[in-house]
Structure formats: C-alpha cells, structure tokens
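Presented below is the structure to which this report refers.
The values are calculated or read from the model by the stated rules, or taken from the named source; none is laboratory data. Since the model is a prediction, treat every value here as computed from it, not as a measurement. Please note: Cβ atoms are built from the backbone with ideal geometry, for glycine as well, and neighbour counts cover all protein chains shown.
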Amino acid sequence: MDEVTKRFEKIYNSTYDYLYKYLILKADTRETAEDILQSVYLAFYKKMQEGANVLDPKHYLLRMVKHKLADHYSKRIVMESIDEAMGVVDEDALRQLERSDSYIYEEVLENLKATDELTYRIFLLYFGYDLKIKETAKLLGVAEMTVKNRLYRTLKKLQKEMKEGDKNALFRSC
C-alpha cells in the first residue's frame, strides 16, 4: 500500500462519522447522504494522488460536503412518492444498533427498511450515535414527543415481530 493510500485511510477513518452525521441531518434521504459522502471522498482521494497537500482535511472535507449538498438541492427533482426515496438501509448504522446477541440482525434490517425516513434517522441518532431523545429532537427539528413516539412504536413493533423461541427480543430501553 502506498503512502497516499495510507494517509487517505487515516483521514477517512477519522472523519467519516463526523461527515456522515452532518449529512444524515442535512440531506433529504440517507441515499443522498451516502452518495455525497462517497463522491466527496473519491474526489479527495484523486486530489491526494495528484499531490495536493491539505493542511486541515476535516475542514476541507466538510466544505466539500457542504458544496455537494448545495449542488444536490439546486438540482433536486421533486419525487412523486416517498416510497421512491426508500431504499437500502445503511448496514453499518444498523450494526451499531445491535446491543446484544438476543435478536437477529436480518430481521431488524428488514423491519427498518419498511420504516419512513424520519424514523430511520431517529434510530440512527438515538442508537447509532447514542444521542438523548432531547438532542435527537433538536437536531431533526421535531418535537421530543415525535421522537419518543416513533422510537417506542417501532421498538414495540420490532419486539412483537422478532422472537427467539418463546421470548421477545431485548432492546435498550429508551
């Protein structure tokens, strides 16, 4: 592995969570967030291969993300249905949700695929980034009661649908 690739991996590992969290809050869908993040890192890697030396990569990447997000919104086509916006769930985020071996990952994945965008974001911030309900509500610009309701309802649904033998699956309490 060459020096540029090693340096890029180090920068990627130290900035990914920060940039993804920013995008998941600002982008209209998680797919948009993932696409923007992928294109930003690709462009950054190409610049590094060309010999560019960036003094503050985190700041530089955040600027790139903001510009890509602005481009996205300026070119955005209004979707006819929210169903079109639903797609692949971020598997890394779901792995972070896993807190015990008492439930089956694939079942959680299938159930979260069926949720709406806001519910997914609430789960990601609450379980993936360990934010409190109040912090999650503030970041998403919704009422705390909305966050609580979506968490409790979805958790209740997941507990009913995911059984291991005769016991319900266990989840972290809210």
Any hit, the range 10-20, residues being of a type in the set (Asp, Glu) and within 12 Å of the chain's Cα centre (by Cα): yes
Inter-residue pairs, beta-carbon under 9 Å, first hydrophobic (A, V, I, L, M, F, W, C) and surrounded by fewer than 19 Cβ atoms within 10 Å (Cβ to Cβ) and in the range 108-124, second at pLDDT 80 or above and assigned to a loop (DSSP other than H, G, I, E, B), 6+ apart: Leu118/Val142
Some residue of the range 160-169 being at pLDDT 65 or above, aliphatic (A, V, I, L, M) and not assigned by TED's automatic domain parsing to the domain that holds Lys21: no
The range 6-17 - residue that is in contact (Cβ under 8 Å) with a residue 12 or more places away in the chain and among the polar types (S, T, N, Q) and, of those, farthest from Leu61 (Cα to Cα): Ser14
Residue, surrounded by the fewest Cβ atoms within 10 Å (Cβ to Cβ), within the range 125-137, restricted to residues that are of a type outside the set (Val, Ile, Thr) and touching a residue at least 40 places away in the same chain (Cβ under 8 Å): Tyr129
Top-ranked residue of the range 41-90 - restricted to ones that are modelled with pLDDT of 90 or more and of a type in the set (Ser, Thr, Tyr), ranked as nearest to Phe8 (Cα to Cα): Tyr45
In the range 113-129, the residues that are of a type in the set (D, E, K, R) and under 15 Å from Tyr20 (Cβ atoms): Arg121
